[in-house]
1. If you scan the range 134-154, which residues turn out to be in contact with a Lys or Arg (Cβ under 9 Å, 6 or more places away or on another chain) and either loosely packed, with under 14 Cβ neighbours inside 10 Å or not assigned by TED's automatic domain parsing to the domain that holds MET87 (or both)?
2. Within the set of pairs 6 or more residues apart or between chains, which connect a residue that is more than 18 Å from VAL92 (Cα to Cα) inside the range 146-166 to a residue that is not in a strand (DSSP E or B) with Cβ atoms less than 8 Å apart?
3. I want to confirm something. Restricting to the range 88-102 and keeping residues that are in a strand (DSSP E or B) and among the hydrophobic types (A, V, I, L, M, F, W, C), which single residue is farthest from ILE137 (Cα to Cα)?
4. Within the range 84-109, take every residue that is touching a residue at least 12 places away in the same chain (Cβ under 8 Å) and loosely packed, with under 13 Cβ neighbours inside 10 Å and give me the one that is nearest to the chain's Cα centre (by Cα).
5. Quick check on the range 108-129. Is at least one of its residues of a type in the set (D, E, K, R), under 20 Å from ARG84 (Cβ atoms) and touching a Gly at 6+ places or on another chain (Cβ under 7 Å)?
6. Name every residue in the range 110-126 that is surrounded by 12 or more Cβ atoms within 10 Å (Cβ to Cβ), in a loop (DSSP other than H, G, I, E, B) and in contact (Cβ under 8 Å) with a residue 12 or more places away in the chain, in order of residue number.
7. Within the range 62-83, take every residue that is among the charged types (D, E, K, R) and within 18 Å of the chain's Cα centre (by Cα) and give me the one that is surrounded by the fewest Cβ atoms within 10 Å (Cβ to Cβ).
8. Hey, does the range 126-146 have a residue that's among the β-branched types (Val, Ile, Thr) and within 30 Å of ALA43 (Cα to Cα)?
Amino acid sequence: MQSEVVASRSADSRTSSGSSPAIDAVSLAIIEQLQEDGRRPYAAIGKAVGLSEAAVRQRVQKLLDQNVMQIVAVTDPLTVGFRRQAMLGINVEGDVDPVADALTAMPECEYVVMTAGSFDLMVEVVCEDDEHLLDVINKRVRTLPGVRSTESFVYLKLKKQTYMWGTR
């Protein structure tokens, strides 16, 4: 298991005016430090970015409170009992939001994104086994009001999964 910092680019990180929170160069540097090691001590981060430990702690808390980033433990699903992962392409009739909201509420759906192109939604699901995946697709996703069609892309091998895109 490793600890990762995920810089959020979701609507949840927007301010009440609809714009993204202002992030200065020092906060970006703190995010980069945490992306290298999510457990790096605040004192070490402070040395790297030119702030005190207390100032780093305060900035990290603000970034967390604003949903700019999350500090999470990233696991290998296979080692914790989840033997099947898949990406689902979903086409929706009508408004996509209610379907996206319903999928977001399902614990198996780890990633829900509205897209332009062949699918209205792309959803990553993590399941215990093939039977669990079948149940999620057949009995829970396909039965949602508005779901017109689904296409499943079952993962055979995960070659790369990282959250180290930096802060560009």
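1. Scanning the range 134-154 gives SER149, VAL154.
2. Correct list of pairs: VAL154/LEU133; TYR163/GLN35; MET164/GLN35; MET164/GLU36; GLY166/GLU32; GLY166/GLN35.
3. Ranking the candidates gives VAL92 first.
4. Taking the candidates together, the pick is ASP95.
5. Yes, the range 108-129 contains at least one residue that is of a type in the set (D, E, K, R), under 20 Å from ARG84 (Cβ atoms) and touching a Gly at 6+ places or on another chain (Cβ under 7 Å).
6. Passing the criteria: PHE119, ASP120.
7. My answer is ASP65.
8. No, there is no match, as no residue in the range 126-146 is among the β-branched types (Val, Ile, Thr) and within 30 Å of ALA43 (Cα to Cα).
The values are calculated or read from the model by the stated rules, or taken from the named source; none is laboratory data. Bear in mind that the values here come from a model prediction, so they are computed numbers and not experimental data. So basically every Cβ, Gly included, is an ideal-geometry build from the backbone, and we count neighbours across all protein chains shown.
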